[in-house]
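Input: a single structure, listed below in structure tokens.
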Amino acid sequence: MQQVSLGFLGCGNIGGGVYRLLEEMGGELARRDHLQVRVEKILVKNIEEALQINAAKGLNVPRELLTEKAEDVTSAPGISIVCEFMGGEQPAARFMEQALQNGKHVVTANKVALALNWDRLQRTAEEHHAGLWYEASVGGVIPVIRVLNRNLEADEIDRVFGIINGTTNYILTRMAKEGKDYEDVLKDAQRLGLAEPNPAADVEGMDAAYKLSILASLAFHGRVTYQQIYREGITGISAKDIAFGQEMGYTLKLLGIAKKQGSTVETRVHPTFLPKDHPLAGVDGSLNAIFIHGKYCRDMMLQGRGAGDMPTASAICGDIVEAALCTEPSYPTFDNTPEPSPEFQFTDNWMTRAYIRLSAVDAPGVLQKVSECFALESVSIASMMQKEAEGEERVPLIFITHPAHEQAIRRALERLDRNVCSLEQMIRVEG
Ligand SMILES: NC(=O)c1ccc[n+]([C@@H]2O[C@H](COP(=O)([O-])OP(=O)(O)OC[C@H]3O[C@@H](n4cnc5c(N)ncnc54)[C@H](OP(=O)(O)O)[C@@H]3O)[C@@H](O)[C@H]2O)c1
């Protein structure tokens, strides 16, 4: 029987979930893999508080396992795998680096620390012959990291896109189903613990952008940094736009999108309308799903719980078992630099369709003036919907364009005569 000792950095939702799963499944792991997994030390901020919180959660962690000193975990000779569950960039990244420098394998679910420090962490891991595992950093339990890193290693992936933030998917799903406004659903999500008290990282798209930087780097075998990702969140989305989109046959999702054609790469996170029959359109609530297209694999979609203590713990424990059983740690097959890979040309002029809502003066000739602005930039209109006046003699005009360059759409919108109409919303349409 192989014995492996773990050290945890942090014991909140996920740390507690992993502890619980190992307690419940320890016997099975011994039977299946001849592996005895033991948690030796757990870093917490305050031992007394941690004991109280664990007791309230029904988590039976003995006091002697707890420490307030990071080096009791990162430098302890008996610990071979350090599991980081603190979250945030620092000190999590620094502690992981220390553990790797001491030759310990590191398992993390922390997309922020990974996306911003991946090059250094990977280099340190390689130098010290240690492994770095991060399956749960994107998509919770969905095994997308392994699929991109291993299963599709021989393929040529040109598209990865999906729903990679459960909080925003939950909010958009409820807005669509209940016709409620963003602020109302957000408050409800916070009350239910499905959104953070400070929801910025989720609703402004940062969380999805960190994850997309990891996915795109693995898919395209080159470094796509967080800074290279265009980002828009869902804070400006109204129930009205979701309803108009539904009327026109679309469902709204916050998508992370990465595409590569030749050396040209586009990476973006923004609200996106998808046709109702698109496989991602039916992925509701806090579920995540990732769509991959490759030259040989063609289309595939992975779907599952992108968050939650036990689903995430399941993915993390998979990493722990792999780390424990591996004889040779493996690393992503690209030059993991702090800067974006020089062979990539990043573009902000991608092809897209757009949903455009204008508020226009209710007078003859307005539609023609608007159409001219689009025509001058070679943006053609696929469909149009006019709604009843909204008061003050203004009417909502809604257009869906044919595929056009992003910058051409923006230029067309700048051409609009503000005396005649105002731009109220522009949402990209995929699929
Ligand atoms: N929650 C999910 O569903 C989910 C899913 C996938 C990935 N993840 C990732 O998993 C990680 C952990 O998330 P979580 O939901 O478990 O967060 P959490 O509940 O806030 O747990 C983090 C724990 O780490 C502790 N901590 C923070 N800094 C520390 C320090 N310097 N020393 C000691 N303890 C420290 C926190 O203590 P205080 O509370 O006192 O600050 C807290 O107990 C994050 O990277 C997150 O992105 C989470």
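What percent does the relative contact order of the chain come to when contacts are Cα pairs within less than 8 Å and at least six residues apart?
Relative contact order of the chain: 16 percent.
Okay, which of the range 140-156 sit inside 17 Å, backbone N to the point 7 Å along the Cα-Cβ direction of Leu325?
143, 146-147, 150-151
Could you give the angle, 0 to 90 degrees to the nearest 10, between helix 182-191's Cα long axis and the longest principal axis of the Cα atoms of the chain?
That helix lies at roughly 20 degrees to the long axis.
Karplus couplings for the range 258-264 from phi (6.51 cos²θ - 1.76 cosθ + 1.60, θ = phi - 60°), rounded to Hz, Gly and Pro as x?
10, 10, 9, 10, x, 9, 8
Could you work out Rg/(2.2 N^0.38 Å) for the range 159-254, with Rg from alpha carbons only?
1.16
Can you tell which of Leu252, Leu413, Leu274 shows the greatest fluctuation in a Gaussian network model of the chain with Cα springs below 10 Å?
Result: Leu413 has the largest fluctuation of those listed.
Which loop-located GluC sites (Glu not before Pro) does the range 375-431 contain, where loop means any DSSP state but H, G, I, E or B and the Cβ has at most 13 other Cβ atoms within 10 Å?
Qualifying residues, ordered by number: Glu388, Glu390, Glu392, Glu393.
Where does the chain land at 222 nm, in deg cm²/dmol rounded to the nearest 500, when only DSSP H runs of n ≥ 4 count, each adding -39500 (n - 2.57), divided by all residues?
-11000 deg cm²/dmol
Compute the separation of the alpha-carbon centres of the range 145-209 and the range 238-264 and state it in Å as a whole number.
13 Å
So if we plug the beta-carbon distance of Gln261 and Arg123 into 1/(1 + (r/R0)^6) with R0 = 22 Å, what FRET efficiency do we get, rounded to 0.05?
0.15
If you wrap a convex hull around the C-alpha atoms of the chain and split its volume per residue, what is the figure in Å³?
148 Å³
Going by C-beta contacts inside 10 Å, put Lys387, Lys41, Lys211 in order with the fewest on the left.
Ordered by Cβ neighbours within 10 Å, fewest first: Lys387, Lys41, Lys211.
Using Cα pairs closer than 8 Å and at least 6 residues apart in sequence, work out the relative contact order for the range 1-47, in percent.
Result for the range 1-47 is 63 percent.
Hey, what does the equivalent ellipsoid look like for the range 88-231, semi-axes from the Cα gyration tensor as sqrt of 5 times each eigenvalue, largest first, whole Å?
31, 19, 12
For the range 290-380, state which chymotrypsin sites (Phe, Trp or Tyr not before Pro) are in a DSSP loop and have at most 10 other beta carbons lying within 10 Å of their beta carbon.
Loop-located and lightly packed - Tyr296.
Near the amide H of Gln425, under 5 Å away, which other amide H atoms are found, from residues 5 or more places off or on another chain, if H is placed in the peptide plane?
The list, which skips near neighbours in sequence, is Arg357.
Could you give log10 I(q)/I(0) at q = 0.13 Å⁻¹ for the range 275-337, computed by the Debye formula over C-alpha point scatterers of equal weight, without solvent?
So the normalised log intensities are -0.61.
Any chance you could give the angle, 0 to 90 degrees and rounded to 10, that helix 47-57 forms with the longest Cα principal axis of the chain?
70 degrees
Over the range 178-234, how many percent of alpha carbon pairs lie in each 10 Å bin up to the one with the longest distance?
Here the calculated profile for the range 178-234 is 22, 39, 25, 14, 1.
Between Arg159 and Met384, what length comes free when the chain is fully extended (0.36 nm per residue of separation minus the Cα-Cα distance, one decimal in nm)?
Roughly 78.1 nm would be gained on extension.
With angles folded into 0 to 90 degrees, how steeply does helix 206-220 sit against the dominant principal axis of the chain? Use alpha carbons for both and round to 10.
Value to nearest ten degrees: 80.
Each value in this text was obtained by applying a stated rule to the coordinates, not by laboratory testing. All of these numbers come straight from a predicted model, not from anything done at the bench. For neighbour counting, all protein chains shown are included, and Cβ atoms are generated from backbone atoms with ideal geometry for every residue, glycine included.
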